[in-house]
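These notes are about the structure you will find just below.
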Amino acid sequence: MRREELVMICTSDIAGQLRGKAVPARDFEKRRGTGVGWTPTNIMITAHGPIAPSPWGSREDLYLRPVPTTAVRLSIAPEGPVESFVLSKIMRLDGTPWECCLRSFLERGLTALEAEGLRMIASFEHEFALQGIEERPNSPYNFDAFRRQGLFAEVFTAAMRENGLEPDTFMPEYGPSQYEVTMRHAPALAAADRAIMLREVARSVAHRLGLQATFTPLLRPDAVGNGVHVHFSLTDLAGRPVNHAAEGPAGLSPVAAAFLEGIRRKLPALCALTAAATISYLRLVPHRWSASYTNVGLRDREAAVRICPVFRPGTEETALHFEYRAADAAASPYLVLGGLVWAGLWGLRQKLEAPPLTTADPEQMSEQERTALDLRRLPGSLADALSELEADADLKAAMGEILHGVYLTHKRFEEELMAPLDPAEQCARYLLAY
Ligand code: GLU
Ligand code: MG
């Protein structure tokens, strides 16, 4: 059988899907500049297939321009296909970025952050389930659960390393057949690229081994959630960390304090971007170790933003960092990180004071205690989160009117698609998509 390798030029979209077009690998060089043609309405294709009402209809043209640092090539078994893909930016025919290019949304935020003398470093921590592995109740952190995934972890680690994803840890998580993987941190744009790449590498390796890797936010209504936790910190333009000040609350520098408070105050609207499925809101409830209030918590795994521990005393200056926990893999990493950057930036520009820090469970507090700490419950549904996003003039300005409007239309249409289904059926649908 003759074979010819292809490279798929892809974009991570509002539905959190990776879509694109493949070209023969030997033509890739000459397509570096103009990539492949693309249709604006594609961004309205929901994770479930049907297309949300599109302002462009069948009209207009764009192209996907490859980002060379994001090439992934997987040749897992000699007899299997080579999977090769590259991420891209969506460009207008005049060579400027399209206003609905999600990577550009993040890039614009990072450029604005640089204008304030700051950069962000980040890493996405992923939980996922491996379908096809025997589920046993003893599995959390269990060595036998690690063994049961067979070759997956080793092949996955090798494939990550080969493609520049810098593997960090791998573990059997709390849910039966649930696993977690972490990567080394990277500059924010690369971190978001890598999150997209990692999901596809995991899916590909699992597929080759007769398994299915799913990043769906929730397998079933009663299952343990698959969170995406975003670790981040700030540096100055020379790369020196600027998060710590010994005298600050919980050791937060004024810059970190304002940035975190910006995120905290924008949380209800941010959820629309970071927890983008209807079933995301079954996960964002108290006592699921996800996030359920607008709180910044000191070393608390139920805080929406967690101030992470510093393991070696004396390394606070370089090691202090933060974790956003109200995200899942239904959202494009560009929207997740872009949302965090723009919200943090808003906090900086407003010169906000440090967030009220929680050290106790907001769910157990009285209404007065919660009010004193300005704790609001996170939105209870995607519809509620979308209303918050709609009303947020700052995030609207950051996204641009067109992307903001298109996002709301897309996600409200998705909400309508899911409305007739009960939670279990919705989980089953999302399982097919992620
Ligand atoms: N599975 C939890 C979530 O949905 C996170 C558990 C943990 O790693 O702390 O976010
Ligand atoms: Mg975890």
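The values are calculated or read from the model by the stated rules, or taken from the named source; none is laboratory data. This is a predicted model, so every value here is computed, not measured. A quick note on method: Cβ atoms are made from the backbone with ideal geometry, for glycine too, and the neighbour counts reach across all protein chains shown. When the accessible area is computed, the model is the full protein with side chains, heavy atoms only, and any ligands, DNA or RNA have been set aside. Shrake-Rupley method; radii C 1.70, N 1.55, O 1.52, S 1.80 Å.
Going through the stretch 219-258 one residue at a time, which ones are more than 16 Å from ligand 1 (Cβ to nearest atom) and part of a loop (DSSP other than H, G, I, E, B)?
Correct list: 237, 238, 239, 240, 242, 243, 245, 246, 247, 248, 253.
What's the number of the condition residue 124 fails, among (1) touching a residue at least 60 places away in the same chain (Cβ under 8 Å); (2) within 16 Å of ligand 2 (Cβ to nearest atom); (3) out of contact with any strand residue (DSSP E or B) (no Cβ under 7 Å at 6 or more places or on another chain); (4) not polar (S, T, N, Q)?
Of the numbered conditions (1) touching a residue at least 60 places away in the same chain (Cβ under 8 Å); (2) within 16 Å of ligand 2 (Cβ to nearest atom); (3) out of contact with any strand residue (DSSP E or B) (no Cβ under 7 Å at 6 or more places or on another chain); (4) not polar (S, T, N, Q), the odd one out for residue 124 is (3).
Does residue 192 fit the bill of being away from ligand 1 (no atom under 16 Å from the Cβ), within 23 Å of residue 147 (Cα to Cα) and in contact with a Phe, Trp or Tyr (Cβ under 7 Å, 6 or more places away or on another chain)?
no
Scanning for something within 16 Å of ligand 2 (Cβ to nearest atom), assigned to a loop (DSSP other than H, G, I, E, B) and open to solvent by 70 Å² or more (accessible area, probe 1.4 Å), does the stretch 110-117 turn up at least one residue?
no
If you scan the stretch 155-175, which residues turn out to be part of a loop (DSSP other than H, G, I, E, B) and either open to solvent by less than 50 Å² (accessible area, probe 1.4 Å) or away from ligand 1 (no atom under 13 Å from the Cβ) (or both)?
Of everything in the stretch 155-175, those that are part of a loop (DSSP other than H, G, I, E, B) and either open to solvent by less than 50 Å² (accessible area, probe 1.4 Å) or away from ligand 1 (no atom under 13 Å from the Cβ) (or both) turn out to be 163, 164, 165, 166, 173, 175.
Return yes or no: is residue 202 over 14 Å from the mean Cα position of the chain (by Cα), within 24 Å of residue 282 (Cβ to Cβ), more than 16 Å from ligand 1 (Cβ to nearest atom) and open to solvent by less than 10 Å² (accessible area, probe 1.4 Å)?
Yes.
Output the residues belonging to the stretch 276-291 that are farther than 15 Å from residue 221 by Cβ and more than 16 Å from ligand 2 (Cβ to nearest atom).
Matches in the stretch 276-291: 276, 286.
Scan the stretch 255-300 residue by residue and report those that are among the basic types (Lys, Arg) and touching a helix residue (DSSP H, G or I) at 6+ places or on another chain (Cβ under 6 Å).
If the condition is that a residue be among the basic types (Lys, Arg) and touching a helix residue (DSSP H, G or I) at 6+ places or on another chain (Cβ under 6 Å), then 266 is the only one that fits.
Determine whether the stretch 131-142 contains at least one residue that is in a helix (DSSP H, G or I), open to solvent by 40 Å² or more (accessible area, probe 1.4 Å) and out of contact with any Gly (no Cβ under 6 Å at 6 or more places or on another chain).
Looking for residues that are in a helix (DSSP H, G or I), open to solvent by 40 Å² or more (accessible area, probe 1.4 Å) and out of contact with any Gly (no Cβ under 6 Å at 6 or more places or on another chain), one finds none in the stretch 131-142, hence no.
Kindly indicate whether residue 136 is more than 23 Å from residue 318 (Cα to Cα) and free of Cβ contacts under 8 Å to residues at least 12 places away in the same chain.
Considered against the rule, which asks whether it is more than 23 Å from residue 318 (Cα to Cα) and free of Cβ contacts under 8 Å to residues at least 12 places away in the same chain, residue 136 comes out as no.
Based on what the data block shows, is residue 275 buried (at least 20 other Cβ atoms within 10 Å of the Cβ), at pLDDT 95 or above, within 14 Å of ligand 1 (Cβ to nearest atom) and not aromatic (Phe, Trp, Tyr)?
yes
Every residue in the stretch 298-320 that is within 16 Å of ligand 2 (Cβ to nearest atom) and surrounded by fewer than 24 Cβ atoms within 10 Å (Cβ to Cβ), please.
Of everything in the stretch 298-320, those that are within 16 Å of ligand 2 (Cβ to nearest atom) and surrounded by fewer than 24 Cβ atoms within 10 Å (Cβ to Cβ) turn out to be 299, 300, 301, 302, 306, 308, 309.
Return yes when residue 392 is among the charged types (D, E, K, R) and under 29 Å from residue 19 (Cβ atoms) and no when it is not.
Against the criterion (among the charged types (D, E, K, R) and under 29 Å from residue 19 (Cβ atoms)), residue 392 qualifies.
Could you list all residues from the stretch 38-94 that are exposed (fewer than 14 other Cβ atoms within 10 Å of the Cβ) and among the small types (Gly, Ala, Ser)?
Hits for the stretch 38-94 are 49, 57, 58, 75, 77, 80.
Provide a single number: the residues in the stretch 8-27 that are more than 20 Å from residue 335 (Cβ to Cβ) and either small (Gly, Ala, Ser) or without any contact (Cβ under 8 Å) to a residue 24 or more places away in the chain (or both).
6
Is the stretch 231-249 home to any residue that is within 16 Å of ligand 2 (Cβ to nearest atom) and either open to solvent by 30 Å² or more (accessible area, probe 1.4 Å) or in contact (Cβ under 8 Å) with a residue 40 or more places away in the chain (or both)?
Yes, because at least one residue in the stretch 231-249 is within 16 Å of ligand 2 (Cβ to nearest atom) and either open to solvent by 30 Å² or more (accessible area, probe 1.4 Å) or in contact (Cβ under 8 Å) with a residue 40 or more places away in the chain (or both).
Identify the single condition in (1) more than 16 Å from ligand 2 (Cβ to nearest atom); (2) touching a residue at least 24 places away in the same chain (Cβ under 8 Å) that residue 219 does not satisfy, given that it satisfies every other one.
Failed condition: (1).
Any chance the stretch 71-89 includes a residue that's closer than 30 Å to residue 322 by Cβ and not in a strand (DSSP E or B)?
The answer is no, given that none of the residues of the stretch 71-89 is closer than 30 Å to residue 322 by Cβ and not in a strand (DSSP E or B).
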